[in-house]
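K.L.:
This is the structure I want to talk about, given as structure tokens.
The values are calculated or read from the model by the stated rules, or taken from the named source; none is laboratory data. Since the model is a prediction, treat every value here as computed from it, not as a measurement. All Cβ positions, even for glycine, are placed from backbone atoms using ideal geometry, and neighbour counts span all protein chains on display. All accessible areas refer to the heavy atoms of the entire protein, side chains included, with ligands and DNA or RNA removed. Shrake-Rupley method; radii C 1.70, N 1.55, O 1.52, S 1.80 Å.
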Amino acid sequence: MLIHLIRHAHAGSRSAWDGDDEQRPLSSRGEGQARAVSAALADAGIDELWTSPSLRCRQTLVPLAEATGLEVQVVDVLDEGNDGPPALDALLAAAADGRTVAACSHGDVIPAVVAAATRRGAELDGSRAISKAGRYVCTVTDGQISHIRAVAPPDGDT
């Protein structure tokens, strides 16, 4: 079973955005990154799309939702500022039910999930920090993540 952890695509500068940060949209660069992530994962056998409530995360998954016909589900444990273990446990529960999930979250939550998984014994192939639109492919074995492979963002940004 696999879990795909996706950091939201480029959304521009937080400090330049005047509105509620939860409503900050993807930039045109981010829209292109979202399309590239979709192309990479469209045939990955994903059963569910999970996202943080933030608009930029939801928008990152829209092209994948269109390609797969799946609905994007808001999952609060993926919201910015949340801790890794609750998000990891929710993802592992889905995997235990036989579901392959692609989950989009933030630059604090995704590394916290990876850290929690490595503390539980997962082997990490790549960096603990990932750039916008980067992702991790996590292999679940016997109810825990056993291997995590980092995948660079589609535009090669580090």
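K.L.:
Out of curiosity, is residue 53 in a loop (DSSP other than H, G, I, E, B), of a type outside the set (Gly, Ala, Ser) and surrounded by fewer than 20 Cβ atoms within 10 Å (Cβ to Cβ)?
P.N.:
Here the answer is yes, as residue 53 does meet what is asked.
K.L.:
What number of residues within the range 89-109 are over 22 Å from residue 45 (Cα atoms), open to solvent by 10 Å² or more (accessible area, probe 1.4 Å) and touching a residue at least 60 places away in the same chain (Cβ under 8 Å)?
P.N.:
Selection size over the range 89-109: 1.
K.L.:
Condition first: open to solvent by 40 Å² or more (accessible area, probe 1.4 Å) and in a loop (DSSP other than H, G, I, E, B). Now tell me which residues in the range 115-126 satisfy that.
P.N.:
120, 121, 126, listed by residue number.
K.L.:
Same structure again: If you check 129, 112, 150, which single one turns out to be small (Gly, Ala, Ser), open to solvent by 20 Å² or more (accessible area, probe 1.4 Å) and part of a loop (DSSP other than H, G, I, E, B)?
P.N.:
None of the others qualify; the one that does is 129.
K.L.:
Considering only residues that are crowded, with 20+ Cβ neighbours inside 10 Å and hydrophobic (A, V, I, L, M, F, W, C), look in the range 58-71 and name the one that is farthest from residue 46 (Cα to Cα).
P.N.:
Filtering the range 58-71 for residues that are crowded, with 20+ Cβ neighbours inside 10 Å and hydrophobic (A, V, I, L, M, F, W, C), the one farthest from residue 46 (Cα to Cα) comes out as 61.
K.L.:
If you don't mind, another one. Considering only residues that are among the hydroxyl-bearing types (Ser, Thr, Tyr) and open to solvent by 60 Å² or more (accessible area, probe 1.4 Å), which ones fall in the range 132-147?
P.N.:
141, the sole residue that qualifies.
K.L.:
Residue by residue through the range 92-113, note down the ones that are within 15 Å of residue 139 (Cα to Cα) and either of a type outside the set (A, V, I, L, M, F, W, C) or over 11 Å from the mean Cα position of the chain (by Cα) (or both).
P.N.:
92, 93, 94, 95, 96, 97, 98, 99, 100
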